[in-house]
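**Q** Here's a structure for you.
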Amino acid sequence: MIITRRAFTAALSLAGLSLLAGFSPLRLIAEAMAQSVSDVTKPVSLPDMALGPADASVTITEFASMTCPHCAAFNADVFPKIKSEYVDTGKVRYIFREFPLDIKAAAGSMLARCIAKDDAGKYFAVVDMLFKQQGDWVTKNTTETLTRIGKQAGLSQQAVEDCLKDQALLDKIEADQKYASEVLKVNSTPTFFLNGEVIKGETSFAEFDKRIKSLLKS
């Protein structure tokens, strides 16, 4: 089940964000791998947020939820090493895709998009901030923390409110999530694709390192 417009509109009123703790996670059933690399790498509704050269021989695509603790752990412990070793050296292109497991995750994704607009570097910085402060804005003070993060990034309180009520943006996130679920068979976070090969769950840098080196040699 994908997040419904009615549920999101009702829940994301600034007065109602504190009531979201009991929102049930998505239950998505999936089986097979993506049909092809192009199925994974092509953007659907939203432009991709990516680091690294477009013509890199290896592309990693991550599907993550802003409220997922395993995604936050990966962001803290593994992603910086992948970025330093492979993205910053031009060997890997890294794409981040939103796959919100609940209403709060959708709100975090929307705020990141509103702050960054088309700036991928800024987007990854906001995502990093949201993951690092996950304990604050997910479990408590959701409205206040998201507003503070938005203001730190240069948005006014009104701009933050407008962002979280942006139905067109939510529709695009929902459409991309539906595509990931139905076509790519993503049903949990984090899920990664390395040139189309799927890896599910929090994975060590050593495992990524081994797989990336194998792809670079091929």
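**Q** Equivalent ellipsoid semi-axes for region 140-216, as square roots of 5 times the alpha carbon gyration tensor eigenvalues: give them largest first, rounded to whole Å.
**A** Equivalent ellipsoid semi-axes, largest first: 34, 18, 11 Å.
**Q** Taking the Cα centre of region 109-183 as origin, sum charge times position over the Cβ atoms of Lys and Arg (+1) and Asp and Glu (-1), and report the length of that vector in debye to the nearest 20. The partial results should precede the final answer.
**A** Working: 10 positive and 12 negative charges, 50 e Å.
The dipole of region 109-183 has a size of about 240 debye.
**Q** Determine the shape class of region 142-183: with a ≥ b ≥ c the square roots of the Cα gyration tensor eigenvalues, call it rounded for a/c under 1.5, and otherwise prolate if a/b is greater than b/c, oblate otherwise.
**A** It is prolate, given that a/c is not under 1.5 and a/b is the larger ratio.
**Q** So how compact is region 28-217: Cα radius of gyration and Dmax in angstrom?
**A** Both quantities, over Cα of region 28-217: 16.0, 51 Å.
**Q** Mark the label point 7 Å from the Cα of residue 37 along Cα→Cβ and return the residues of region 94-116 whose backbone N is within less than 16 Å of it.
**A** Within reach of a label on residue 37, which here means backbone N under 16 Å from a point 7 Å along Cα→Cβ, region 94-116 contributes 94-95.
**Q** Mind checking which aspartates and glutamates have their C-alpha under 19 Å from residue 178, skipping anything on the same chain fewer than 8 residues away?
**A** By straight Cα distance, residue 178 reaches 31, 39, 48, 62, 98, 102, 166.
**Q** Under 14 Å from the Cβ of residue 218, count the other residues' Cβ atoms, weight Lys and Arg +1, Asp and Glu -1, and hand me the total. Walk me through the numbers on the way to the answer.
**A** Numbers: positive: 91, 210, 211, 213, 217; negative: 197.
With Lys, Arg at +1 and Asp, Glu at -1, the net is +4.
**Q** Strictly over 32 Å apart at the Cα level, which of 104/213; 140/210; 172/210; 140/165 would you flag in this model? Before the final figure, lay out the partial values.
**A** Details: 104/213 36 Å; 140/210 39 Å; 172/210 35 Å; 140/165 20 Å.
From 104/213; 140/210; 172/210; 140/165, over 32 Å: 104/213; 140/210; 172/210.
**Q** Taking the beta-carbon count within 10 Å as an exposure proxy, list 99, 124 from fewest neighbours to most.
**A** Taking fewest neighbouring Cβ atoms as first place, the list is 124, 99.
**Q** Work from the charge dipole of region 28-217 (Cβ charges, +1 for Lys and Arg, -1 for Asp and Glu, about the Cα centre) and give the residue of 168, 53, 70 farthest towards its positive end.
**A** 53
**Q** Here's something else I'd like to know. Region 171-218 to region 112-138: how many Å between their Cα centroids?
**A** If you average the Cα positions of each part, the centres end up 20 Å apart.
**Q** Also: Which lysines, if any, have their Cα less than 27 Å from the Cα of residue 217, not counting same-chain residues under 8 positions apart?
**A** Straight-line reach from residue 217, under 27 Å: 42, 81, 83, 91, 200.
**Q** Moving on to the next point. Modelled label-to-label distance, residue 210 and residue 117, 7 Å Cα→beta-carbon offset: nm?
**A** Taking the two extended label points, one gets 4.5 nm.
**Q** What percent antiparallel are the DSSP beta bridges of region 28-217, to the nearest 5? Write out the running numbers ahead of the final one.
**A** Working: 11 of 18 bridges.
Given both bridge residues lie in region 28-217, the antiparallel proportion sits at roughly 60 percent.
Each reported figure results from applying straightforward, stated rules to the coordinates on display, with no laboratory input. Computed from a predicted structure; not experimentally measured. Don't worry about glycine lacking a Cβ; one is built from the backbone with ideal geometry, like all the others, and counts go over all protein chains shown.
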